[in-house]
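Engineer: The structure's right below; bear with me while I get my questions together.
The values are calculated or read from the model by the stated rules, or taken from the named source; none is laboratory data. Not measured: the values here are computed from a predicted model. Cβ placement follows ideal geometry from the backbone for every residue including glycine, while neighbour counts extend to all protein chains displayed. Just the protein is used for accessible areas: all its heavy atoms, side chains included, with ligands, DNA and RNA removed. Shrake-Rupley method; radii C 1.70, N 1.55, O 1.52, S 1.80 Å.
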Amino acid sequence: MNENRLKILKDGEKKTGPVVYWMQRDQRANDNWALIYAQSKACEMNVDLRVVFNLVPEFLEATVRQYEFMIKGLEEVEQHLNRFNIPFNLFLGEPEQNLPRFLEKIHASLLVVDFNPLKIARFWKKKVADKIQIPIHEVDTHNIVPCKYVSDKIEYAAYTIRPKIKRNLDEFLDEIPPLLTMENNPNLEKVDWEKARNSLKINFSVPEVDWLIPGESTAKSILEKFINQKLESYNQHRNDPNLNALSNLSPYFHFGQISPQRVALAVSSVNNFPESKDAFLEELIVRRELSDNFCYYNSKYDSFEGFHDWAKKTLNEHREDKREFIYRLEQFENAETHDGLWNAAQIEVIKKGKMHGFMRMYWAKKILEWTESPEQALEFALYLNDKYQLDGRDPNGYVGVAWSIGGVHDRAWTERPVFGKIRFMNYNGCKRKFDIKSYILNNQK
Ligand code: FAD
Ligand code: FO1
């Protein structure tokens with residue numbers, strides 16, 4: 001593994017017990033650099049390898065829709081690891097209780113974690129680090145070019161990070177080795193998934209979706225289907241929400257059920273459709289890794305304070321502008337605005353758990369237009385995004401909302417009421433791009 005993926009979070013006493021990988025963001029057995037690294041350390045020290053996941057009873061507005069997508073994926077991870085003689089333990093409750101107790105009990109010698117720029121994950125790791133004495137090594141297996149390596153500061157926009165990513169791609173878009181089978185036959189105690197599901201204190205009213213099956217193996221077949229059937233027309237059709245032109249990989253990326261590096265290797269090896277390949281790889285590598293950069297270096301990624309000064313200034317200057325419409329959260333949530341197109345987008349995410357990428361921009365910008373303040377717009381957009389999107393609670397979501405409402409990674413545009421110099425989008429702009437009537441017809445309550 002390229003050592004530049006590795007960060008020593010904490011040094012510690014040398015022990016001789018097992019190596020433990022605390023799986024968090026990258027919930028997969030295949031193509032997981034953190035797991036590969038943990039296994040190489042275990043083999044080097046000739047000790048056992050253990051993989052653990054800590055299931056918290058609630059997580060940032062997540063409902064049963066997202067938890068079931070994740071848990072079904074974890075059930076597959078357990079089966080996959082066991083086939084390689086690697087035990088998988090699931091802890092219920094708070095990580096700062098469960099991890100130190102487990103590491104102590106088995107006299108672990110090293111804790112390996114995967115990289116996650118979100119505040120909640122960094123908080124969990126800090127709480128655990130304060131309670132243990134063994135070393136903690138972090139591996140970035142979510143970014144092709146590791147987040148902390150590609151830049152040591154917040155990047156202004158895609159055009160500033162793109163060259164830094166591109167010049168490192170040869171080094172980091174490398175082949176990922178397979179997982180090895182461990183020699184010894186540890187006792188593979190099975191997880192009590194019933195008990196795990198009963199431990200959740202979440203909103204069960206947002207139903208699971210049935211059109212996307214969770215887990216590593218489905219993710220792999222969705223990638224193959226995208227390459228064989230959709231890649232060709234991706235560039236041409238990707239902004240038309242009436243067409244099923246996108247990869248639908250974001251829920252799998254969000255839960256780490258497929259490696260972005262594996263997807264980039266697969267798409268790069270297609271020697272055809274150059275425009276679509278470039279367009280897709282730009283989103284997959286530059287836009288996605290720009291989101292991790294923003295969230296890692298800007299702890300205010302989910303608030304008005306996190307916007308650039310020019311955006312805060314212009315939004316402040318237009319605070320008192322008259323809003324033509326003002327809606328409460330329930331009216332947005334129940335798709336009860338005056339705008340049939342906006343309502344259709346909200347109905348799409350309520351029913352499908354995944355709003356089309358083009359509509360997400362329009363959807364969020366209208367929330368800015370129809371609320372009392374940018375802070376309220378941010379609060380409503382993040383709440384609804386994270387409650388209904390399968391891929392919500394993700395750096396891409398915080399950045400997508402901040403781009404739409406606060407011009408993050410965008411530039412100033414001609415000034416207008418409410419928006420100030422934040423890029424405006426309107427109904428007529430959509431009319432020029434796709435058939436609004438059929439989108440509304442296809443997304444009814
Ligand atoms: P594809 O077009 O097939 O893209 C493939 C991958 O490229 C995506 O899975 C994603 O990882 C990456 N990508 C594509 N577009 C973007 C983008 N604009 N920014 C960053 N990465 C991108 N994405 C989420 O993963 N979770 C969210 O909660 C989320 N909320 C958003 C909210 C708003 C207001 C906006 C404007 C965008 C949001 N996005 C979010 C980004 C983008 O819309 C989705 O990643 C994309 O639509 C996912 O569908 P796909 O994988 O089928 O897309
Ligand atoms: N990560 C965990 O380590 N434990 C959890 O119980 C957990 C629940 C969860 C629910 C919804 C969701 O969208 C994410 C969740 N995550 C959980 C975080 C996830 O694994 C990713 O690390 C983050 O979403 C960051 O990408």
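Residue-wise test of (1) surrounded by 21 or more Cβ atoms within 10 Å (Cβ to Cβ); (2) at negative phi; (3) within 26 Å of the chain's Cα centre (by Cα); (4) assigned by TED's automatic domain parsing to the domain that holds PRO395.
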residue	(1), (2), (3), (4)
LEU74	yes, yes, yes, no
PHE91	no, yes, yes, no
PHE102	no, yes, no, no
ILE106	no, yes, no, no
LYS125	yes, yes, yes, no
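Engineer: When the residues of region 93-135 are filtered to those that are without any contact (Cβ under 8 Å) to a residue 60 or more places away in the chain and polar (S, T, N, Q), which remaining residue is nearest to ligand 2 (Cβ to nearest atom)?
Structural biologist: Ranking the candidates gives ASN98 first.
Engineer: Next up: Working carefully through the options ILE436, ILE405, ILE367, ILE422, find the one that is assigned by TED's automatic domain parsing to the domain that holds LYS352 and surrounded by fewer than 21 Cβ atoms within 10 Å (Cβ to Cβ).
Structural biologist: So the residue among ILE436, ILE405, ILE367, ILE422 that is assigned by TED's automatic domain parsing to the domain that holds LYS352 and surrounded by fewer than 21 Cβ atoms within 10 Å (Cβ to Cβ) is ILE436.
Engineer: Let me ask something additional. Restricting attention to region 191-235, which residues are within 16 Å of ligand 1 (Cβ to nearest atom), of a type in the set (Val, Ile, Thr) and within 28 Å of LEU81 (Cα to Cα)?
Structural biologist: Residues satisfying the conditions are VAL209, ILE213, THR218, ILE222, ILE227.
Engineer: So which residues in region 236-247 are within 20 Å of ALA345 (Cβ to Cβ) and either surrounded by 19 or more Cβ atoms within 10 Å (Cβ to Cβ) or more than 10 Å from ligand 1 (Cβ to nearest atom) (or both), if there are any at all? Reasoning before the result, please.
Structural biologist: Filtering region 236-247 down to residues within 20 Å of ALA345 (Cβ to Cβ) leaves 237-247.
Matches in region 236-247: HIS237, ARG238, ASP240, PRO241, ASN242, LEU243, ALA245, LEU246, SER247.
Engineer: Among the numbered conditions (1) outside any helix (DSSP H, G or I); (2) surrounded by fewer than 21 Cβ atoms within 10 Å (Cβ to Cβ), tell me where ASN143 comes up short.
Structural biologist: With respect to (1) outside any helix (DSSP H, G or I); (2) surrounded by fewer than 21 Cβ atoms within 10 Å (Cβ to Cβ), ASN143 is out only on (2).
Engineer: Return yes or no: is GLU379 away from ligand 2 (no atom under 16 Å from the Cβ), open to solvent by 10 Å² or more (accessible area, probe 1.4 Å) and not in a helix (DSSP H, G or I)?
Structural biologist: Taking the combined requirement at face value, the residue does not satisfy it.
Residues are listed down the side, and each one gets a yes or a no for (1) of a type outside the set (A, V, I, L, M, F, W, C); (2) touching a Ser or Thr at 6+ places or on another chain (Cβ under 9 Å); (3) assigned by TED's automatic domain parsing to the domain that holds ALA402:
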site: PRO214; (1), (2), (3): yes, no, no
site: LYS220; (1), (2), (3): yes, no, no
site: ASN235; (1), (2), (3): yes, yes, no
site: PRO251; (1), (2), (3): yes, no, no
site: PHE255; (1), (2), (3): no, no, no
site: LYS312; (1), (2), (3): yes, no, yes
site: GLU320; (1), (2), (3): yes, no, yes
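Engineer: Working only within region 108-123, note down all residues that are of a type in the set (Gly, Ala, Ser) and either assigned to a strand (DSSP E or B) or under 24 Å from the mean Cα position of the chain (by Cα) (or both). Talk me through it step by step, then tell me what you get.
Structural biologist: At the first step, the residues of region 108-123 found to be of a type in the set (Gly, Ala, Ser) are 108-109, 121.
Of everything in region 108-123, just one residue is of a type in the set (Gly, Ala, Ser) and either assigned to a strand (DSSP E or B) or under 24 Å from the mean Cα position of the chain (by Cα) (or both), namely ALA121.
Engineer: Inspect region 408-419 for any residue being open to solvent by less than 10 Å² (accessible area, probe 1.4 Å) and within 16 Å of ligand 2 (Cβ to nearest atom) and give the result as yes or no.
Structural biologist: No, region 408-419 has no match at all.
Engineer: I've got another one for you. With respect to ASN85, is the statement that it is assigned to a loop (DSSP other than H, G, I, E, B), more than 12 Å from ligand 2 (Cβ to nearest atom) and either open to solvent by less than 20 Å² (accessible area, probe 1.4 Å) or closer than 30 Å to LEU212 by Cα (or both) true?
Structural biologist: Against the criterion (assigned to a loop (DSSP other than H, G, I, E, B), more than 12 Å from ligand 2 (Cβ to nearest atom) and either open to solvent by less than 20 Å² (accessible area, probe 1.4 Å) or closer than 30 Å to LEU212 by Cα (or both)), ASN85 qualifies.
Engineer: Checking the condition open to solvent by 40 Å² or more (accessible area, probe 1.4 Å), closer than 23 Å to ASP114 by Cα and at pLDDT 95 or above, which residue from GLU289, GLU283, GLU275, GLU232 passes?
Structural biologist: Of the residues listed, the single one that is open to solvent by 40 Å² or more (accessible area, probe 1.4 Å), closer than 23 Å to ASP114 by Cα and at pLDDT 95 or above is GLU283.
Engineer: Now, a different point. Just give me the residues in region 248-272 being away from ligand 2 (no atom under 16 Å from the Cβ), polar (S, T, N, Q) and open to solvent by 30 Å² or more (accessible area, probe 1.4 Å), in sequence order.
Structural biologist: If the condition is that a residue be away from ligand 2 (no atom under 16 Å from the Cβ), polar (S, T, N, Q) and open to solvent by 30 Å² or more (accessible area, probe 1.4 Å), then SER268, SER269, ASN271, ASN272 are the ones that fit.
Engineer: Checking CYS295 against (1) under 27 Å from PRO241 (Cα atoms); (2) open to solvent by less than 10 Å² (accessible area, probe 1.4 Å): exactly one of these is not met. Which one?
Structural biologist: (1)
Engineer: Name the residue, out of ASP192, ASP210, that is under 22 Å from the mean Cα position of the chain (by Cα) and under 24 Å from ALA62 (Cα atoms).
Structural biologist: ASP210
Engineer: In addition: Could you list, in sequence order, the residues of region 322-365 that are under 19 Å from VAL401 (Cα atoms) and small (Gly, Ala, Ser)?
Structural biologist: Correct list: ALA335, ALA344, ALA345, GLY353, GLY357, ALA364.
Engineer: What residue, among those in region 34-66 that are assigned to a helix (DSSP H, G or I) and open to solvent by 10 Å² or more (accessible area, probe 1.4 Å), is farthest from ASN187 (Cα to Cα)?
Structural biologist: The selected residue is VAL64.
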